[in-house]
Amino acid sequence: MAPAGLKFLGTAGARFVVSTQLRHSGGLVWTLAGATIWVDPGPGALVRALASRPKVDPARTDVLVVTHRHLDHSGDATAVVEAMTKGGFGRRGTLLAPRDALEVEPVVFRYAQSFVSRRGLLAAGSRHELAPGLFLETPLAHDHGVETYGYRLSAPGFSAAHVVDTYWLDALPEAYAGVDLLVVNTTREKGRDRRYLHLGADDAELLIREIRPKLAVLTHLGMQLVRARPEKVALAISERTGIPTVAARDGWLLPLDDLAGAARSRGEAAPAQAPAGE
């Protein structure tokens, strides 16, 4: 069984960082309880997986999760299904997405949806078993303009939450409480602007302060965060909350069996300058 880990194939958030590829948009790949779970493969996801070191083999994906039907989260979704099922000749795996992402405006083409062994719908309060003892739960609907869900992952001895794109909701801290690892899509410096429906670093700090995970990770970084040096933003949150907080970088592999050690090593590896040309 492969070691438990979380691979950041991309850390881009929102239109401008994705369209310029200042940060990549490959999504996240969890390896947990013997399962490989690819979340939100945006444009270029297959290229980033195959160029990654160590390489992420798309054919070994067991579960594809699309949290909502925006391009930066789903641009390569059909391509991942094709890869994980050998073009439909090896029917296998699980596809999870909101109803509107599969039926209203399909981000996985309808012909490819039949290639997987199981198709499940994400909904408020849904719970899906991905492998023996490994569960994905979507506690509540997010406020993001289209049907959108963050998720919790739980396995024996480990739990994580990924708070994806949303306007601030007072229910967020309780919905994602009690986890070891908290991943927060942090697109802007300041949230609470309904023109954007994204969390800001101030929102992320409040979540981290309330939930108090062993480690918090900022990702899905918009242009404001890229320019503000996300490592510096994360360090400031760490200092104010007392919770180790880091900013993900493209290609980073986070080992899940030693979150404290990962926080230390990630902090030591943080660059001294802004990643403007990444």
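On the given criteria, is Arg53 open to solvent by 30 Å² or more (accessible area, probe 1.4 Å), assigned to a loop (DSSP other than H, G, I, E, B) and out of contact with any Lys or Arg (no Cβ under 8 Å at 6 or more places or on another chain)?
Against the criterion (open to solvent by 30 Å² or more (accessible area, probe 1.4 Å), assigned to a loop (DSSP other than H, G, I, E, B) and out of contact with any Lys or Arg (no Cβ under 8 Å at 6 or more places or on another chain)), Arg53 qualifies.
Identify all residues within region 240-267 that are open to solvent by 40 Å² or more (accessible area, probe 1.4 Å), in a helix (DSSP H, G or I) and out of contact with any Leu (no Cβ under 8 Å at 6 or more places or on another chain); write none if there are none.
Across region 240-267, the qualifying residues are Arg240, Arg264, Ser265.
Just need a number here: residues in region 106-129 that are out of contact with any strand residue (DSSP E or B) (no Cβ under 8 Å at 6 or more places or on another chain), open to solvent by 20 Å² or more (accessible area, probe 1.4 Å) and outside any loop (DSSP other than H, G, I, E, B).
2
Can you say whether Asp72 is among the acidic types (Asp, Glu) and under 22 Å from Glu189 (Cα atoms), as far as the supplied structure shows?
Here the answer is yes, as Asp72 does meet what is asked.
Given the conditions (1) out of contact with any helix residue (DSSP H, G or I) (no Cβ under 9 Å at 6 or more places or on another chain); (2) open to solvent by less than 20 Å² (accessible area, probe 1.4 Å), report the number of the one that Ala97 does not fulfil.
Condition not satisfied by Ala97: (1).
Tell me whether region 13-35 contains one or more residues that are under 22 Å from Ser114 (Cβ atoms) and open to solvent by less than 40 Å² (accessible area, probe 1.4 Å).
Yes, there is a match, as at least one residue in region 13-35 is under 22 Å from Ser114 (Cβ atoms) and open to solvent by less than 40 Å² (accessible area, probe 1.4 Å).
The values are calculated or read from the model by the stated rules, or taken from the named source; none is laboratory data. Everything numeric in this text was worked out from a predicted model, so none of it was measured. Using ideal geometry, Cβ is built from the backbone for each residue, glycine included, and neighbour counts are taken over all protein chains shown. Calculation scope for accessible area: heavy atoms of the full protein, side chains included, ligands and nucleic acids excluded. Shrake-Rupley method; radii C 1.70, N 1.55, O 1.52, S 1.80 Å.
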